[in-house]
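The values are calculated or read from the model by the stated rules, or taken from the named source; none is laboratory data. Please read these numbers as outputs of a predicted model, since none were measured by experiment. Note that each Cβ is placed from the backbone with ideal geometry, even for glycine, and that neighbours are counted across all protein chains shown.
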């Protein structure tokens, strides 16, 4: 699902006041004299966040490579274990980070690595069924990222309270549908047509991909706003992790959509 950590509510009064949070008295040694001075920690920057996103991408690719290697080298059991562990522990790391953003610098990289285990396993399974589908999904994911970023920078789509409300309502609805589907699967049931390759299933996937893409606008706005408010450098990891969550979700939904389209051929 979309990332649950990047939204306006993350800016608490304490986090908004960077000067009170990150400025402290210290003793400075200068020419043998000890004076009272003020030391400022570096604030968050967009460039710093981009660097963190690159580092998390490397971790994601490393995890995916490990999972793919095990799938193709005759160790599917280990790959499946990594996938399950990655999904569960990754979810826990997201929850922990939601409650304490200071931990993002410690949880972001492990989360990306664990999600790599999940994506690598799923991608290998889908690629075995539909050759070329993974490259298509990756290309479309980055295309969506580029288009949303250009629309945001050109101010053709602006993040407003109304858009935030629409995104929140849509994501909660999608989450509810997935939870119902998971619960139904325990009884050998499934929500009719939505997860099939029929017209309704394809329309549902298109809607989900659309919401995942628009959610990127929320991520861009958060990162830009946090840097303008000069929040602590911890937010670079926090913002990078949030964007990574959305990108992972978007890729998975595009992969499912392409699988549905390919199964109709």
Please indicate, with yes or no, whether at least one residue in region 192-204 is at pLDDT 90 or above and under 22 Å from the mean Cα position of the chain (by Cα). yes
Quick check on region 39-49. Is at least one of its residues modelled with pLDDT of 90 or more, within 15 Å of the chain's Cα centre (by Cα) and closer than 20 Å to residue 237 by Cβ? yes
If a residue has to be free of Cβ contacts under 8 Å to residues at least 24 places away in the same chain, more than 19 Å from residue 233 (Cα to Cα) and in contact with a helix residue (DSSP H, G or I) (Cβ under 6 Å, 6 or more places away or on another chain) to count, how many in region 67-119 make the cut? 3
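A quick yes/no check of all residues on (1) at pLDDT below 90; (2) over 22 Å from the mean Cα position of the chain (by Cα); (3) surrounded by 13 or more Cβ atoms within 10 Å (Cβ to Cβ); (4) at positive phi:
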{"site": "149", "(1), (2), (3), (4)": "no, no, yes, no"}
{"site": "176", "(1), (2), (3), (4)": "no, no, no, no"}
{"site": "216", "(1), (2), (3), (4)": "no, no, yes, no"}
{"site": "231", "(1), (2), (3), (4)": "yes, no, yes, no"}
{"site": "240", "(1), (2), (3), (4)": "no, no, yes, no"}
{"site": "252", "(1), (2), (3), (4)": "no, no, yes, no"}
{"site": "264", "(1), (2), (3), (4)": "yes, yes, no, no"}
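Kindly indicate whether residue 195 is without any contact (Cβ under 8 Å) to a residue 60 or more places away in the chain, in a loop (DSSP other than H, G, I, E, B) and loosely packed, with under 13 Cβ neighbours inside 10 Å.
In short, no.
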The condition from (1) under 19 Å from residue 52 (Cβ atoms); (2) in contact (Cβ under 8 Å) with a residue 60 or more places away in the chain; (3) under 15 Å from the mean Cα position of the chain (by Cα) that residue 225 misses is numbered (3)
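Each row is one residue, and each column tells you yes or no for (1) touching a helix residue (DSSP H, G or I) at 6+ places or on another chain (Cβ under 7 Å); (2) under 30 Å from residue 47 (Cβ atoms).
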position	(1), (2)
178	no, no
182	no, no
185	no, no
189	no, no
192	no, no
195	yes, no
205	yes, no
209	yes, yes
Answer yes or no: is there a residue in region 158-168 that is in a loop (DSSP other than H, G, I, E, B) and in contact with a helix residue (DSSP H, G or I) (Cβ under 9 Å, 6 or more places away or on another chain). yes
